[in-house]
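Accompanying notes for the structure given below.
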Amino acid sequence: MKFSVLVAMLAEDLEEQAIESAKAAGAGGMTILNGRGLGAEPKKTFFGLTYEGSQSVLILVLEKKLSLRVMKSLVKDLDLNNHSRGVVFTLPLEHIAGIDHRQIAQFEQLIKNEI
């Protein structure tokens with residue numbers, strides 16, 4: 001079984017919607033980090049204070065085919081192609097340890113259901 005890491009860096013206010021979308025697409029658990037972004041455009045200032053929007057970073061370890069399904073779900077549900085409020089990408093995993101055997105069984109069942 002091949003695995004991928006899906007990383008979604010999103011505006012913080014999209015976090016709950018992203019979690020719901022990922023779970024609806026078949027994702028189990030995920031790690032969520034807080035972050036700050038630095039874009040190409042200058043940040044907005046208000047009375048001399050610079051506003052830097054908070055971001056959420058979702059990290060999911062998924063079976064390779066499932067990672068594509070979750071990614072498509074996030075792009076569609078969060079309308080990321082039309083509103084630049086986040087980026088989602090996957091990376092292949094070569095080696096993995098510590099993944100719960102129940103999660104592997106869930107991935108196997110999802111694959112069997114698709115066949």
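The values are calculated or read from the model by the stated rules, or taken from the named source; none is laboratory data. Fair warning: this is a prediction, and the values are worked out from it, not measured in the lab. Backbone-built Cβ (ideal geometry, glycine too); neighbour counts: all protein chains shown.
Structural remarks
- Qualifying positions in the range 91-115 - under 18 Å from Ala24 (Cα atoms) and either surrounded by 12 or more Cβ atoms within 10 Å (Cβ to Cβ) or in contact with a strand residue (DSSP E or B) (Cβ under 9 Å, 6 or more places away or on another chain) (or both): Gln103, Ile104, Gln106, Phe107, Glu108, Leu110, Ile111
- Screening Leu62 against (1) modelled with pLDDT of 95 or more; (2) part of a strand (DSSP E or B); (3) surrounded by 16 or more Cβ atoms within 10 Å (Cβ to Cβ) leaves a single unmet condition, (1).
- Among residues of the range 81-98 that are of a type in the set (A, V, I, L, M, F, W, C), those with a beta-carbon under 7 Å from a residue that is in a loop (DSSP other than H, G, I, E, B) at least six positions away or on a different chain give the pairs Val88/Leu80.
- Counting only residues that are outside any loop (DSSP other than H, G, I, E, B), aliphatic (A, V, I, L, M) and more than 20 Å from the chain's Cα centre (by Cα), the range 83-115 holds 2 of them.
- Summed over the range 1-25, residues that are surrounded by 14 or more Cβ atoms within 10 Å (Cβ to Cβ) and either of a type in the set (A, V, I, L, M) or within 26 Å of Glu94 (Cβ to Cβ) (or both) total 14.
- Whichever residue in the range 75-107 is closer than 19 Å to Val5 by Cβ and of a type in the set (Asp, Glu) and, among such residues, is modelled with the highest pLDDT: Glu94
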